[in-house]
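A.B. asks: Can you keep this structure in mind? I'll have questions shortly.
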Amino acid sequence: MAAEIAHIFMTGAQELPPRTSEREHADRFAPLISRARAGDAHAFESLMIETEQRVVAVAWRLLGNREDARDAAQETYLRVYKYLARFREGEDFQAWLYRITVNVCRDLARKRRATGDEQLDDAEPEHERAAFENLRHGDADAESVTLRTQQLALVRRALATLPERERAALVLRDLEGLSTEEVAHALGSRPVTVRSQVSSARAKIKIYCDRLLRKGGTA
Amino acid sequence: MKRQLNCQRACEMLPLYVAGDLEETRTREVGAHLAACAECRRLAAEFSESRSLLAEACATPEFSAEFYAGIRSAVLDRVGRDRTTPSTPSAFNASPFIASLFGRRLAYAASFAVALIALALALQHARHNAQHAPTQLAQATRDAHAPTPTPNQKRDAPSSLLPDDAAQEGSTQESANVAITPRKRATRRDTATRQVEERAMKDAPTAASLVATVPRATVNSARDAGASSGVEPARAAVSQSAPEVARIEIQTSDPNIRIIWLAPPPSQKTGEPETSPNNRENPHNHENGDRK
């Protein structure tokens, strides 16, 4: 009985992308890294192609809009280029890349806040399009589509209000599917710290969602 | 079934439990509690629901191939510009060996090492100068022309302080006497300095020998100008405190020790120097001694 309950609660989340092992990552990127460090521009471009989707996804989730995600991705790869000579062979390139991405996003977010140039959330149009596609196919009514779209926007806003470290830990753990150890490695902290940050972030999101859902969709 | 955890403790672990972040033992305990507690089961369901909502809200939108291509081209353009700038090091310009050779940490370490070496050389140079300062002082006193006086001469020959012709007589011996002490103890800077000071205190001619450190032209000009017009001070070692008084300052190798000697002009017959050279730290502390 307990095992069944655990199974129900723990698999209710989204389908996470399959995570390859750290060893496989290291093997996959090692040749490209070696050639890129030796001066092969094509190898560096291949490295970008292999990793850009992840980098853009993380940047978009941390920053909330396309423009900032694009700027953050560019800056991330420029830093990768600059510090590639310092990357130790055998180290987890993906974790190293995540760390750079998180740091770039943090710097960019601070810069935007300092200049008052924060971009608006541009995910809503995307979700509206998807929601209205469902509506067109008869999967939902207009009111529920609109309500759902608003709720999702509010959840993203809740994510944006989290402290930087909690937000980064939550994005990497729950949205990117990294293990606690991988998140700790990417953020340069310890697993126990990551667990504490993730637990706190989830509790806050849950409280926000409770108000959202129990009060009819408004926060 | 006996509950292992109370509701409060179980609820604290729910955020980690629903994502499988608890260790195995704790997972079993929470699961056992949920099996028996409907309220905690409801909370666990809410946690799962919020995680699903978050995942749905943060599902990444579709980015076009042009979007990614734009990022790559911007980066490669910037990288290409950096490569054409000779002063900008990059992973592409340097081989791994050179890149590691000029890594930032190595550059910092090299800079620190250079600074240490420079400091060591400066200290060694300063120590070398300090060791040779008494020798130089002794050499200067040997070059003096003041004679080695008899006891009577010591009392009556203050004029030898200024005029170099009077100082020439017998100066060798006195200078030698003065010089010997610093030379003997040339390797001990403070002692040598002290010796010179003691002699300057005891003997007027000894003080006169110190005049040898004053450039001869300055001494001559002091004599020629007379008491009223003052003496052109030598920049190195002489300052003129009053027209009537010759003032000689000698800075020893020890920056805290300076010998200041004041003497009346040659026309005055005094038995003793105006002041003792004990006025070390106060170059302006002088007395107008007997003018007659």
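Nothing in this text is a laboratory measurement; each read-out follows from the coordinates by a stated rule. Note that this is a predicted model, so its numbers are computed, not measured. Virtual Cβ from ideal backbone geometry, glycine too; neighbours counted across all protein chains shown.
A.B. asks: Can you put A:R106, A:R28 in order of Cβ neighbours within 10 angstrom, beginning with the fewest? Walk me through the numbers before you get to the answer.
C.D. replies: Details: A:R106 17, A:R28 14.
Fewest to most other Cβ atoms nearby, the residues stand as A:R28, A:R106.
A.B. asks: Another one. So, in nm, how far is label B:R81 from label A:R79 when the simple model puts each one 7 Å beyond its Cα toward the Cβ?
C.D. replies: Taking the simple label geometry, B:R81 and A:R79 are separated by 2.0 nm.
A.B. asks: Next up: Using a Förster radius of 25 Å, what is the FRET efficiency between B:R105 and A:E164 based on their Cβ-Cβ separation? Nearest 0.05, please.
C.D. replies: Numbers: r = 28 Å, r/R0 = 1.11.
It comes to 0.35.
A.B. asks: Shifting gears a bit: How shielded is B:68-78 by partner chains, expressed as the average number of their Cβ atoms within 10 Å of its Cβ atoms? Each step should come with its number before you reach the end.
C.D. replies: Values: counts 8, 2, 3, 12, 8, 2, 7, 12, 7, 0, 5.
Mean partner-chain Cβ count within 10 Å for B:68-78: 6.
A.B. asks: Which whole number gives the average, over all residues in A:56-62, of C-beta atoms from other chains lying within 10 Å of the residue C-beta? Show your work: numbers first, answer last.
C.D. replies: On the way: counts 6, 5, 1, 1, 4, 5, 1.
Per residue, the average neighbour count from other chains is 3.
A.B. asks: Points 7 angstrom from Cα along the Cβ direction at B:A113 and A:R28: gap in nanometres?
C.D. replies: 4.1
A.B. asks: Right, another one. Give me the inter-chain shielding for B:5-18: mean count of other chain Cβ atoms within 10 Å, whole number please.
C.D. replies: Numbers: counts 0, 0, 0, 0, 0, 0, 1, 2, 1, 5, 10, 6, 4, 9.
Per-residue shielding by partner chains comes out at 3.
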